[in-house]
Amino acid sequence: MSVAQTIFITGGSRGIGEAVVRLAAGRYNVAFTYNTSEDKAKSLQEELRAQGVLALQCDVRDEKSVSTALEAAKARFGKIDILINNAGISCDALLIDTDAKLWRDCFAVNVDGVFNMTKAVLPDMLSRKSGSIVNVASIWGEVGSAGEVAYSASKAAVIGFTKALAKEVALSGVRVNAVAPGAVDTDMLKCYTREDLAALCKEGIPLGRLGAPDEIAQAIMFAAQNAYTTGAVLCVDGLLGR
């Protein structure tokens with residue numbers, strides 16, 4: 001794989017996004033965004049500087065911020081070949097306890113962020129008749145999760161977005177796929193106790209353990225690279241919830 005290609009990853013300073021950055025570094029030019037985790041992002045950039053990794057501040061909810069980050073990446077690397085829409089937030093609450101702000105915030109990051117970033121990179125991809133987009137959804141977008149209605153709904157929207165856009169741009173040479181992780185050992189699970197996670201692994205995950213970020217990153221890179229895969233939702237979940 002030529003390092004002349006560029007991969008742009010949102011939410012790349014930690015968790016799954018960081019795992020994708022590390023996996024792609026040295027194989028691609030890598031630009032990744034962070035919103036508030038500046039120290040972690042700068043540390044990762046410095047660690048991988050020799051491999052051409054660039055950290056950019058970006059709030060995916062804001063079109064201007066998205067445009068600024070993408071222009072900086074293109075100024076450095078020339079073009080965006082692969083977009084990984086990974087930035088997201090958890091929204092844990094029963095529906096009866098979900099207020100309008102939590103609902104809007106969840107969709108603003110998880111859905112509007114995907115829309116903003118994809119719409120910004122798509123014209124160049126269409127003009128080149130080449131490009132790959134991978135959206136990080138969730139198994140809860142496929143099957144739903146009690147206590148996470150807003151989150152499940154937002155990730156279901158990402159899956160619908162993926163399938164529709166894949167059909168819309170396939171003849172133009174652009175592929176669009178989604179990866180739907182299950183329970184992954186990242187900061188998103190900090191709200192759960194060790195006992196809760198142990199019970200989940202024992203009772204809810206047939207493979208009996210949490211996923212690792214690098215396992216999800218490998219699936220994301222498969223979806224990004226495989227030339228005959230589009231409109232797919234790749235579930236990497238240990239059979240959680242199915």
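Taken together, the values in this text are just the output of simple stated rules run on the coordinates, not laboratory data. Note that the structure is a prediction, hence the values are computed from the model and not measured. All Cβ positions, even for glycine, are placed from backbone atoms using ideal geometry, and neighbour counts span all protein chains on display.
With each run of n ≥ 4 DSSP H residues scored as -39500 (n - 2.57), what mean residue ellipticity at 222 nm is computed for the chain after dividing by its residue count and rounding to the nearest 500 deg cm²/dmol?
-14000 deg cm²/dmol
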Could you go through the range 91-97 in sequence order and give the Karplus-derived ³J(HN,Hα) for each residue, using 6.51 cos²θ - 1.76 cosθ + 1.60 with θ = phi - 60°, rounded to whole Hz, and x for Gly and Pro? 9, 8, 5, 4, 4, 5, 9
Mean Cα-pair separation over length for the range 6-236, i.e. relative contact order, pairs under 8 Å, 6 or more apart, %: 20 percent
Residues whose modelled amide H sits under 5 Å from the amide H of Leu83, counting only those 5 or more places away in sequence or on another chain, are Phe8, Ser132, Ile133, Val134
Please state the charge dipole magnitude for the chain, taken about the Cα centre, from unit charges on C-beta atoms (+1 on K and R, -1 on D and E), reported in debye and rounded to the nearest 20. 860 debye
Ordered by residue, what ³J(HN,Hα) values in Hz, to whole numbers, does the range 33-50 give under the Karplus form 6.51 cos²θ - 1.76 cosθ + 1.60, where θ = phi - 60° and Gly and Pro are x? 10, 9, 9, 10, 8, 5, 4, 5, 5, 5, 5, 5, 4, 5, 4, 10, 4, 5
Diagonalise the Cα gyration tensor of the range 65-109 and give the resulting equivalent ellipsoid semi-axes, square root of 5 times each eigenvalue, largest first, whole Å. 34, 11, 6
Taking 22 Å as the cut-off for C-alpha to C-alpha distance, list the pairs among Lys129/Lys167; Lys79/Lys163; Lys101/Lys163; Lys79/Lys119; Lys64/Lys163; Lys42/Lys74 that go past it. Lys79/Lys163; Lys101/Lys163; Lys64/Lys163
Evaluate the distance, in nm, between pseudo-label points positioned 7 Å from the Cα of Ser130 and of Gln51 along their respective Cα→Cβ axes. 2.3 nm
Going by a 4.7 Å Cβ-Cβ cut-off, which cysteines of the chain have no partner at all? Cys58, Cys191, Cys201, Cys235
Connecting every pair of Cα atoms under 10 Å apart in the chain and solving the GNM, the largest mean-square fluctuation among Ile216, Ile205, Ile16 falls on Ile205
